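Written out below as structure tokens is the structure these notes cover.
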Amino acid sequence: MRRLPGIVLALLWAATGACAGPSRVVSMNLCTDQLAMLLAAPGQLASVSYIARDARASAMAEEALAYPINHGLAEEIYLLQPDLVIAGAYSTPATTDMLRRLGVPVVVFQPASSLQDVRARILQMGQVLGREEAARALLADYDQRLEKFEQAGPEAPRAVLYAANGFTSGSMTLAGQILRAAGLRNIADELGYAHSGHMPPELLALAAPDLLIGTSPYPSGSRSEEVLLHPAVRRLAGRSGAGQIRDADWVCGTPDVLRAVAALAEERRIFLEKESRE
């Protein structure tokens, strides 16, 4: 049975009930790490990727300390004797191909590009782990918490996500949907950035957003972050009191995206209060 394709095994485990799932699971992707930690039964998750312990990228860095780590290498993962490996769409293809050739089932998760995708990934992880009931409970909590936020209306403050290399995200991305769920309009949509792209600082200055939202800087500087020091960007940041969201809260499609929504909703509240006083 071990030589069956991973997705076939996942469907078989799901069909036989929550207790019949894989008993020794290895995750080799930051986003699948976190979903697996949220849903796996005690002792079911044998290893997570080393990035899961990096607080700059992982929303569950402390929880990851309880698990052995892997570096995404076929040899080390094979020696862990997993009966299921969970990978991301951009995980090292050489590793996943080698594991499959060795008869190890591999299930690949696509990245989430919307808040709806977060729901789908929760259910998918519950299915492959044989933990459907836990997934439904987690999903219900996610939906309940998301409903409390106010979606952006036509009069909502205009905001922009602006990061290293002038990177921004529109409404067809998870980050863009987080912005909208926090009650903010995204100027990236006005400027034709439906997905992600690089926005020149001159274009940013002409658009004149009410709020400029940056990401948490890394300890050492880089040339990619120099655009954030451009006079036009600094002027906008100073005027709007540019907020920040942790990379770890919105890089993966997990329920932790709601922390990013909450942080931006607070930025919106502060901005509106300031506007009402002026």
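The values are calculated or read from the model by the stated rules, or taken from the named source; none is laboratory data. For clarity, every value in this text was computed on a predicted model and none was experimentally measured. All Cβ positions, even for glycine, are placed from backbone atoms using ideal geometry, and neighbour counts span all protein chains on display.
Confirm whether Ala137 is modelled with pLDDT of 95 or more, in contact with a Leu (Cβ under 6 Å, 6 or more places away or on another chain) and of a type outside the set (Val, Ile, Thr). First the steps, then the outcome.
Details: modelled with pLDDT of 95 or more: yes; in contact with a Leu (Cβ under 6 Å, 6 or more places away or on another chain): no; of a type outside the set (Val, Ile, Thr): yes.
The answer is no for Ala137.
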Take the residues of the range 143-176 that are closer than 29 Å to Met37 by Cα and among the basic types (Lys, Arg): which is surrounded by the most Cβ atoms within 10 Å (Cβ to Cβ)?
-> Arg145
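To keep it simple, each residue is scored yes or no on (1) closer than 29 Å to Met37 by Cβ; (2) in a helix (DSSP H, G or I); (3) without any contact (Cβ under 8 Å) to a residue 60 or more places away in the chain; (4) aliphatic (A, V, I, L, M).
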| position | (1), (2), (3), (4) |
| --- | --- |
| Ala134 | yes, yes, no, yes |
| Asp141 | yes, yes, no, no |
| Ile178 | yes, yes, no, yes |
| Ala188 | no, yes, yes, yes |
Residues of the range 28-68 being under 19 Å from Tyr90 (Cα atoms) and polar (S, T, N, Q), in sequence order, are Asn29, Thr32, Gln34, Ser47, Ser49, Ser58
Filter pass, Gly72 being within 21 Å of Ala135 (Cβ to Cβ) and small (Gly, Ala, Ser) = no
Considering (1) closer than 28 Å to Arg121 by Cβ; (2) out of contact with any strand residue (DSSP E or B) (no Cβ under 6 Å at 6 or more places or on another chain), say which one Arg235 fails and leave the rest.
-> (1)
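For the range 37-111, which helices (runs of 4 or more DSSP H) that fit wholly inside it have 1 or more residues that are in contact (Cβ under 8 Å) with a residue 24 or more places away in the chain and of a type in the set (Phe, Trp, Tyr)? Give the derivation first.
On the way: elements: 61-64, 74-79, 93-101.
In the range 37-111, the matching helices (runs of 4 or more DSSP H) lie at 74-79.
Show me the helices (runs of 4 or more DSSP H) found entirely inside the range 222-278 where at least 2 residues are modelled with pLDDT under 85, among the hydrophobic types (A, V, I, L, M, F, W, C) and assigned by TED's automatic domain parsing to the domain that holds Pro200. Steps first, please.
On the way: elements: 231-240, 247-250, 257-277.
The qualifying helices (runs of 4 or more DSSP H) are 231-240.
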Condition broken by Ala208, with the remaining ones in (1) over 20 Å from the mean Cα position of the chain (by Cα); (2) on the phi < 0 side of the Ramachandran plot satisfied | (2)
